[in-house]
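Nothing in this text is a laboratory measurement; each read-out follows from the coordinates by a stated rule. No experiment lies behind these values; they were computed from the predicted model shown. Cβ atoms come from the backbone with ideal geometry, glycine included; neighbour counts cover every protein chain shown.
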Amino acid sequence: MEVNSMESLDADASLLRIEARNVAFDLSYCDPTHWHDAGLAVSQFFNAMSLFFPKGEKFFIHSVREHRSSVADASLRRDLQGFMQQEAVHSREHRLHIDMLNESGFATDHMDIRMFAQSLNKVSPKRRLAMTIAMEHFTASLAHEILFKDGVMRGDEQMSALWQWHAAEEIEHKAVAFDVFRAAYGDGLASYLSRCRAALEVTFNFMKRLFANFNDLLSQRSTRSTASHWFDLFVFLWISPGLFRRLAPSFLAYFNLSFHPSKRKDFWLVEQWKARNMNTGRRERHNHPQGDRH
Ligand SMILES: [Fe+2]
Ligand SMILES: [Fe+2]
């Protein structure tokens, strides 16, 4: 189906069911050094990002679950359950991605993979949820680019399928944590200020560690100057396909007083992904189609 016609058929968010697909991906044939078609630098960029997911998604689940009693609406309670189930499976599959990195010789245990600077026990439940809704918006924005822009995620078939599946489910549940935050704390000025503050904080902390870990992974494999790989990543992020350039408007939209994740009508991307992956909802592994491990 054409993109434009899919876009016009964007699903009504209230009718969307958030379902956890118990998928699994076979990464045993994936070359962790060069799995992305854009080369070593971009492969390490997404590897570095993957390192954050198991711990980060566990934190998202915790911060949303501790507000469950504030949610009276039955459909939001159902979505909250779907959100937690989806994030748990994401965490499991990215854990396997990290295991694959470790088995191929990448050292990652020493890396700082906290999305947040403070000890989370010392942070209030409100702030934990505010951090979560900011990260949920950023992952949903990244998900949009992964599913929308052909150049962002192309490479090893199984690895690309993993990121695209994760992206589809991030779009499906993108409003859940935000709606839980509104149910618990309202949408007045105080809530707005606390979500904006949390967004700036997590952006700074996450980016700082993401690029430090990227550089670390790069130095473990690079055979040429690190500067040339940084240049490759710069081109990918800002020029072609320009991932960060494309994400910038979405990032800024978060600071709008009337922001809500569902205002961006992109459920058609999920429908399009479903049409391409009819088997993904079934409980079966995504096995590598053929050939020996390289
Ligand atoms: Fe996720
Ligand atoms: Fe999420």
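What size of dipole, in debye to the nearest 20, comes out for the chain about its Cα centre when the only charges are +1 on Lys and Arg C-beta atoms and -1 on Asp and Glu C-beta atoms? Write down the numbers at each step before the final one.
Working: 36 positive and 35 negative charges, 200 e Å.
Computed charge dipole of the chain: roughly 960 debye.
Report, in deg cm²/dmol and to the nearest 500, the calculated mean residue ellipticity at 222 nm for the chain, where each DSSP H run with n ≥ 4 adds -39500 (n - 2.57) and the sum is divided by the residue count. Before the final figure, lay out the partial values.
Working: 10 runs with 175 residues, N = 294.
It comes out at -20000 deg cm²/dmol, rounded to the nearest 500.
For the range 42-281, compute Rg over Rh where Rg is the Cα radius of gyration and Rh is the Kirkwood radius from the inverse mean 1/r over Cα pairs. If you can, show how the numbers build up before the last one.
Values: Rg = 17.7 Å, Rh = 18.6 Å.
In the range 42-281, Rg relative to Rh is 0.95.
Around Ala24, which amide H atoms from residues at least 5 apart in sequence, or from another chain, sit under 5 Å from its own amide H, with H modelled in the peptide plane?
Distant-sequence amide H within range of Ala24: Glu284, His286.
I want to check a number: in the chain, how many lysine pairs have alpha carbons closer than 22 Å, given a sequence separation of 8 or more or different chains?
Close lysine pairs found across the chain: 19.
Each residue of the range 55-70 in turn: what ³J(HN,Hα) in whole Hz from Karplus with 6.51, -1.76, 1.60 and θ = phi - 60°, glycine and Pro shown as x?
Taking θ as phi minus 60°, the curve returns 6, x, 6, 4, 5, 4, 4, 4, 5, 7, 4, 6, 10, 4, 5, 7 Hz for the range 55-70.
Which whole-number percent is the relative contact order of the range 42-281 (Cα, under 8 Å, 6+ apart)?
Numbers: 228 pairs, mean separation 68.6, N = 240.
Rounded, it is 29 percent for the range 42-281.
Fully extended, how many nm does the chain gain between Ser219 and Lys55 (0.36 nm per residue separation, minus their Cα-Cα distance)? Don't skip to the answer; put the middle values down first.
Details: separation 164, 0.36 × 164 = 59.04 nm, distance 2.38 nm.
Result: 56.7 nm gained on full extension.
Neighbour counts of other C-beta atoms within 10 Å: give me Cys30, Cys196 arranged from fewest to most. All intermediate terms of the calculation are to be shown ahead of the outcome.
On the way: Cys30 25, Cys196 17.
Ordered from fewest to most neighbouring Cβ atoms within 10 Å, Cys30, Cys196 come out as Cys196, Cys30.
Could you give the size of the charge dipole of the range 194-266 about its Cα centre, using +1 on the Cβ of each K and R and -1 on the Cβ of each D and E, expressed in debye and rounded to the nearest 20? Present the calculation step by step, with values, prior to reporting the outcome.
On the way: 11 positive and 4 negative charges, 47 e Å.
Roughly 220 debye, rounded to the nearest 20.
I need Ser258, Ser28, Ser50 ordered by Cβ neighbour count within 10 Å, fewest first. Walk me through the numbers before you get to the answer.
Values: Ser258 8, Ser28 12, Ser50 24.
With the fewest neighbours first, Ser258, Ser28, Ser50 line up as Ser258, Ser28, Ser50.
Using only the alpha-carbon atoms, how far is helix 176-185 inclined from the longest principal axis of the chain? Give it as 0 to 90 degrees, nearest 10.
The two axes meet at around 40 degrees.
Dipole of the range 42-281 (Lys/Arg Cβ +1, Asp/Glu Cβ -1, origin at the Cα centre): which of Ala227, Ala248, Trp238 lies farthest to the positive side?
Ala248
Could you put Arg154, Arg221 in order, starting from the residue whose Cβ has the fewest other Cβ atoms within 10 Å? Intermediate values should be presented prior to the final figure.
Details: Arg154 14, Arg221 17.
So the residues, fewest neighbours to most, are Arg154, Arg221.
Could you tally the net charge around Asp232, taking each other residue with its Cβ under 14 Å from the Cβ of Asp232, Lys/Arg +1 and Asp/Glu -1? Write down the numbers at each step before the final one.
On the way: positive: Arg221, Arg224; negative: Asp37.
With Lys, Arg at +1 and Asp, Glu at -1, the neighbours total +1.
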